[in-house]
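Values in this text are rule-based calculations from the coordinates and carry no lab data. This one's a predicted model, so the numbers in the text were calculated from it and none came from an experiment. Virtual Cβ from ideal backbone geometry, glycine too; neighbours counted across all protein chains shown.
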Amino acid sequence: MRKKVRRKTILPGFGLTLGITVTYLGLVVLIPLSMLFIKTAGMGFQPFIEIVTSPRSVSAYWLSFYTAAISALINAVFGFLVAWVMVRYSFFGKKVLNALIDIPFALPTAVAGIALTAAYSGQGWIGHLLGKIGITAVFNPIGIIIALTFIGMPFVIRTIEPVLEDMEKEMEEAASSLGASRIQTWIRVILPTVLPAWITGTTLSFARSLGEYGSVVFISGNMPFKTEIAPLLIMTQLEQYNYEGATAIACIMLLASFSLLLLINSLQAWSKVRGRG
Amino acid sequence: MSIIIQNVSKAFGDVDVLKDLSFEVKTGELIALLGPSGSGKTTLLRSIAGLEVIDSGNILFHGDDTKDKTVQERQVGFVFQHYALFKHMTVFENVAFGLRVRDKKSRPSESEIERKVHELLQLVQLDYLGKRYPSQLSGGQRQRIALARALAIEPQLLLLDEPFGALDAKVRKELRKWLRRLHDELHITSVFVTHDVEEALEVADRIVIMNEGRIEQIGTPEEVYHHCANAFVYQFIGNVNLFHGRVEDKVAHFGNVSVSLPETSEQETKDTVFYVRPHDLDIHHSAPDSTAFKAKIDHVHLAGPVVRVDLTSEWGDPVHVEITQDYYLSMTFQKGMDVFVSPKDGRLFMQDYSI
């Protein structure tokens, strides 16, 4: 009879924890997502193409894409600024400000949507002022961008902060002792150090905005071809009992999210290779 | 380039870090700023570089005041303790940085930059590492690259802030010998900060010893080692035994030992401390003269070039003595033995000096 030899390791429990991990990911992520593809596959290729390329769908993708992109860019600029201020300076009320940054993470998105609509509608505090200079900020793409900017804000800040904190002050001092002006130090030393985290944060914010639903539906007005974002279109299809149509559009959204995640991961791998330690 | 430090003072909030310092660095000299942590030596170095702004006083380069000159304008090579290399750039680009950021008129051509960088990398003996990133180098290599980078701007003055502080003991010794040789080759006026006495004594032409924002002594390594200006320097520069006593009528009393001091100018009774280096004490089986005192051997450390003996004096103070291996073998001292200790040399400092 063969005796089973068990190798001893210093870190026990590998088999058990891996088993649980795989089961957990399978139940929560993998199986539900594959159902999406199986369901979609049942409808046939022709109807699938018809739904995902219908003018209404295409206009929804485009709207989702460009509003998410603009809000991500806004967050890229102001998120960097906020992170810079939070890391570089100490001032009264910094802790309060720091807590404020995390609110979009924690707040139910529907609450955010209602709050934003109240503030930016014609009667709201900000909307009222915007109205005076002729800008309507709700029930149009501007409203969507406002909501998405709110939702995506923490991503850029929280990704850049640790990198800025790690950056040695001496590196900047070395640059200036070598004759670099403030701008040269910024472009040649600070920017390249922060860039990978900056791009990652912006992409994360973009990915989050692309799928956002809860806060947008209140402020956008949801008019087909005008202010109907892709996640909302899925919802509309479901309400009309068109399950296949919903899953088909969902498939496209899933592929978009997946490619973005791939991009984020390769960005992170790239930033790890470049200068650590 | 010569540097003149004139009455320089600086405070961080309520803490005075530099208190009215003045000294001069001659052209081509290698000066060590030596002192315990918190003595202000790094702040002084950073002030010379223009990385800190002094509150009062003047720092003159070549006789010209530097007050209105920015860090960039001072053209000073600065080497940081933790290297401060640009992590996202290759070694080559790090060294080339100072040349690339020059304005269009004075910037050398690409081939000129390449030639110059390779020359510098050869100088620090690391030409083969040009394409690597800083994270792929050892600490000693990184510091040599940092030095090459600082030299690229052809500085008139080289400032090094604890350049070997982050390295392990062996590399540190090699690098400081190498720095001395490099200085003898290039003759750039250099100032380096250290808290390592041995390092300062070995490398520097002259040493500025600092304590709590003041200069305690300036001198060559020989002067500083053999002619300590005061009790602080004596204690800082090497191991020392302290014997507390009193001076009365030109006689000093330590425990049961009395020493007459015919030359002292002290009239009144005063507390005093007698400082003796461990190698200036002898151990005997019987009292050789009246200055010897009784002590008990607690421990004998045999490992090392000298034998270190820990004793307790008859009045209960710990005493450390260093004797040669040969003397130890001829005298057969053992733990627990009662012996006599006598000083060969030492310094007496009156107690009004606080340390």
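Charge tally for B:Ala287 (other residues, Cβ to Cβ under 12 Å; Lys, Arg +1; Asp, Glu -1): -3. Note on B:64-73: average number of Cβ atoms from other chains within 10 Å of each residue's Cβ is 2. Within the protein assembly as shown, DSSP assigns beta bridges of which about 75% are antiparallel (rounded to the nearest 5). Across chain B, the mean sequence separation of Cα contacts (distance under 8 Å, 6 or more residues apart), normalised by length, yields a relative contact order of 16 percent.
In segment A:58-276, taking the dipole from charged Cβ atoms about the Cα centre, the farthest positive-side position among A:Gly221, A:Asn140, A:Pro108 is held by A:Asn140.
Out of all DSSP beta bridges with both ends in chain B, state the antiparallel percent to the nearest 5.
Details: 58 of 76 bridges.
Around 75 percent antiparallel, to the nearest 5.
Using θ = phi - 60° in the Karplus curve 6.51 cos²θ - 1.76 cosθ + 1.60, the 3J(HN,Hα) couplings for segment A:152-162 round to x, 3, x, 4, 5, 4, 6, 7, 7, 3, x Hz; x is entered for Gly and Pro.
In order along segment B:145-154, the Karplus-derived 3J(HN,Hα) couplings, from 6.51 cos²θ - 1.76 cosθ + 1.60 at θ = phi - 60°, round to 5, 4, 5, 4, 5, 5, 6, 4, 8, 6 Hz, and Gly and Pro are given as x. When the listed pairs B:Lys67/B:Lys116; A:Lys169/B:Lys87; B:Lys10/B:Lys41; B:Lys294/B:Lys344; B:Lys26/B:Lys173 are checked against a 21 Å cut-off, the alpha-carbon distance exceeds it for B:Lys67/B:Lys116; B:Lys26/B:Lys173. Remark on segment A:104-190: hydrodynamic radius 16.1 angstrom, per the Kirkwood mean of 1/r across alpha carbon pairs.
Rg/Rh for segment B:34-168: what does it come to with C-alpha atoms and Rh from Kirkwood? The partial results should precede the final answer.
Numbers: Rg = 15.9 Å, Rh = 16.0 Å.
Radius of gyration relative to Kirkwood radius: 0.99.
Note that segment A:9-25 has calculated 3J(HN,Hα) couplings of 10, 6, 9, x, x, 4, x, 4, 5, 5, x, 5, 4, 5, 4, 4, 5 Hz, one per residue in order, obtained from phi through the Karplus relation 6.51 cos²θ - 1.76 cosθ + 1.60 (θ = phi - 60°); glycine and proline are x.
Kirkwood radius for segment A:58-276, taken over all pairs of different Cα atoms as the inverse mean of 1/r, rounds to 19.1 Å. Largest first, the extents of the alpha carbon coordinates of chain B on the three principal axes equal 79, 46, 33 Å. Over segment A:58-276, what is the relative contact order in percent, taking alpha-carbon pairs closer than 8 angstrom and at least six residues apart? Computed value for segment A:58-276: 30 percent relative contact order.
Answer with one residue from B:Ile54, B:Ala204, B:Gln136: the one whose Cα lies farthest towards the positive end of the charge dipole of chain B, charges on Cβ with Lys, Arg +1 and Asp, Glu -1. So the residue we want is B:Gln136. Trypsin sites (Lys or Arg not before Pro) within segment A:184-236: which are DSSP loop residues with at most 14 other Cβ atoms inside 10 Å? Passing sites in segment A:184-236 are A:Lys226. Neighbours of B:Phe12, meaning other residues whose beta-carbon lies under 11 angstrom from its beta-carbon, give a summed charge of -3 when Lys and Arg score +1 and Asp and Glu score -1. With an a/c value of 1.5 or above and a/b not larger than b/c for the gyration tensor axes a ≥ b ≥ c computed over the alpha-carbon atoms, segment A:29-79 is described as oblate.
So what's the projected area for the protein assembly as shown, the Cα convex hull averaged over all directions, in nm²? Projected area, direction-averaged: 49.7 nm². Highest-first packing order for the peptide set A:13-26, A:163-176 is A:163-176, A:13-26, based on the mean count of other beta carbon atoms within 10 Å. Counting 0.36 nm for each residue step from A:Leu27 to A:Asn242 and taking away their Cα separation leaves a gain of 74.9 nm. For B:Phe254, the residues 5 or more places off, or on other chains, whose built amide H falls under 5 Å of its own are B:Val259.
In this structure, the amide hydrogen of A:Gly221, modeled 1.01 Å from its nitrogen in the peptide plane, lies closer than 5 angstrom to those of A:Phe139, counting only residues at least 5 positions away or on a different chain.
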